[in-house]
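Novice: Dumping the structure here so I can ask a few things about it.
Read-outs: derived from the displayed coordinates by stated rules, not from any lab. Quantities reported herein were computed from a predicted structural model and do not represent experimental measurements.
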Amino acid sequence: MASFKCADLGMACGFEVKGAKDANEVLAIAAAHAKTSHNIANPPADLVTKIRSVVKP
Ligand SMILES: [Zn+2]
């Protein structure tokens with residue numbers, strides 16, 4: 001189960017994803033969260049790369 005925390009990116013945010021089946025699912029959930037909570041409608045490629053690098057498998 002993949003997991004991710006916004007705090008891993010240095011964000012002052014308590015959001016976390018737990019129990020996603022893989023990194024792609026984490027990214028989909030994180031993208032929806034970024035849109036609603038961080039006003040990032042289309043995460044830039046470097047942010048996606050950064051998220052992938054901190055996702056726990
Ligand atoms: Zn967040």
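Novice: Which of rounded, prolate or oblate describes the chain when judged by the alpha-carbon gyration tensor and an a/c cut-off of 1.5? Could the numbers behind the result be given before it?
Specialist: Values: a/c = 1.44, a/b = 1.32, b/c = 1.09.
The shape class here is rounded.
Novice: Got the relative contact order for the stretch 1-44 handy, in percent, Cα pairs under 8 Å and 6 or more residues apart?
Specialist: Working: 48 pairs, mean separation 13.0, N = 44.
Taking the mean separation of contacting Cα pairs over the length of the stretch 1-44, I get 30 percent.
Novice: With springs only between Cα atoms under 10 Å, which of 28, 45, 20 fluctuates most in a Gaussian network model of the chain?
Specialist: Of 28, 45, 20, the Gaussian network model singles out 45 as fluctuating most.
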